[in-house]
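The block underneath contains the structure these notes are about, expressed in structure tokens.
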């Protein structure tokens with residue numbers, strides 16, 4: 001079953017005659033994990049905005065073609081209705097939060113969609129449990145790390161049990177350990193039958209997860225790779241990042257004998273107050 005069907009002849013943003021997308025035909029099946037990548041400016045962000053309904057609800061433009069979600073034209077959904085079926089995890093999750101406390105943020109999703117209070121409380125607790133962040137329930141969101149905020153954002157998509165989840169560059173603010181945790185979460189979401197669409201530059205953590213990999217260039221889907229087909233040679237040819245973390249080798253040259261800066265007798269003061277003693281510093 002196709003949960004998303006798109007036939008985009010062309011798209012331009014209002015106030016700009018430049019064609020951002022053109023000649024795109026894309027069907028996404030239930031339970032698929034689809035990665036969309038390409039160089040900056042290739043159109044992947046605009047494509048996801050169209051597929052998740054942010055265009056035209058939040059970003060205006062001229063779309064020639066049509067997009068269907070769960071067999072229904074996206075234009076036929078009422079304002080806010082798509083939130084029942086589509087969850088979004090932004091590149092910076094802070095941008096999507098409305099409340100200060102984690103529990104309130106998760107409850108907001110269900111309240112906005114008219115869920116019964118008793119059922120909503122259980123769904124909030126269940127979503128926290130699935131993400132393993134029960135300890136964050138009463139925490140202030142502003143006190144959380146980037147990875148914790150991302151888990152809260154993902155939990156919010158589970159409160160109403162949305163079928164489709166979009167991720168916008170989810171690894172961009174994470175360190176290696178956080179990316180490994182993200183990979184585990186994606187595996188878990190996939191096991192729950194979620195349809196997952198990821199716009200991403202970093203690829204090494206997705207190499208074992210994707211069902212299809214879409215390479216975009218100049219507003220078009222230029223190449224589609226099936227599961228396991230994307231190779232390191234392809235990454236080099238299309239200027240993509242590596243699919244294997246072990247290939248990320250340091251190329252720094254040891255110049256330990258070459259002094260590039262020699263600083264002596266420097267003192268720092270604010271007004272009459274000296275805030276450090278004079279020091280020597282050698283940069284190599």
From 114, 65, residue being outside any helix (DSSP H, G or I), out of contact with any helix residue (DSSP H, G or I) (no Cβ under 6 Å at 6 or more places or on another chain) and modelled with pLDDT of 95 or more: 65
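For every residue, the table says whether it meets (1) out of contact with any strand residue (DSSP E or B) (no Cβ under 9 Å at 6 or more places or on another chain); (2) surrounded by fewer than 20 Cβ atoms within 10 Å (Cβ to Cβ).
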{"residue": "91", "(1), (2)": "no, yes"}
{"residue": "125", "(1), (2)": "yes, yes"}
{"residue": "129", "(1), (2)": "yes, yes"}
{"residue": "134", "(1), (2)": "yes, yes"}
{"residue": "164", "(1), (2)": "no, no"}
{"residue": "167", "(1), (2)": "no, no"}
Filter result for the condition that a residue is in contact (Cβ under 8 Å) with a residue 40 or more places away in the chain and out of contact with any helix residue (DSSP H, G or I) (no Cβ under 8 Å at 6 or more places or on another chain), over 70, 33: 70
Output for the stretch 158-184, where each listed residue is in contact (Cβ under 8 Å) with a residue 60 or more places away in the chain, assigned to a loop (DSSP other than H, G, I, E, B) and more than 16 Å from residue 93 (Cα to Cα): 160, 162, 163
Failed item in (1) surrounded by 14 or more Cβ atoms within 10 Å (Cβ to Cβ); (2) farther than 24 Å from residue 22 by Cβ; (3) at pLDDT below 90, with residue 79 passing the rest: (1)
Enumeration of residues in the stretch 169-194 that are surrounded by 24 or more Cβ atoms within 10 Å (Cβ to Cβ) and out of contact with any helix residue (DSSP H, G or I) (no Cβ under 8 Å at 6 or more places or on another chain): none
Index of the failed condition, residue 56 passing every other in (1) out of contact with any helix residue (DSSP H, G or I) (no Cβ under 8 Å at 6 or more places or on another chain); (2) in contact (Cβ under 8 Å) with a residue 40 or more places away in the chain: (2)
Residues located in the stretch 10-58, provided they are part of a loop (DSSP other than H, G, I, E, B), loosely packed, with under 15 Cβ neighbours inside 10 Å and over 20 Å from the mean Cα position of the chain (by Cα): 14, 15, 16, 17, 18
Of residues in the stretch 206-228 being under 19 Å from the mean Cα position of the chain (by Cα) and at pLDDT below 95, the one nearest to residue 189 (Cα to Cα): 208
Residue check for residue 7: modelled with pLDDT of 95 or more, within 15 Å of residue 214 (Cβ to Cβ) and either over 20 Å from the mean Cα position of the chain (by Cα) or part of a loop (DSSP other than H, G, I, E, B) (or both): no
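The values are calculated or read from the model by the stated rules, or taken from the named source; none is laboratory data. Just so we're clear, the structure is a prediction, and the values are computed from it rather than from any experiment. In this analysis, Cβ positions are derived from the backbone assuming ideal geometry, glycine residues included, and neighbour counts consider all displayed protein chains.
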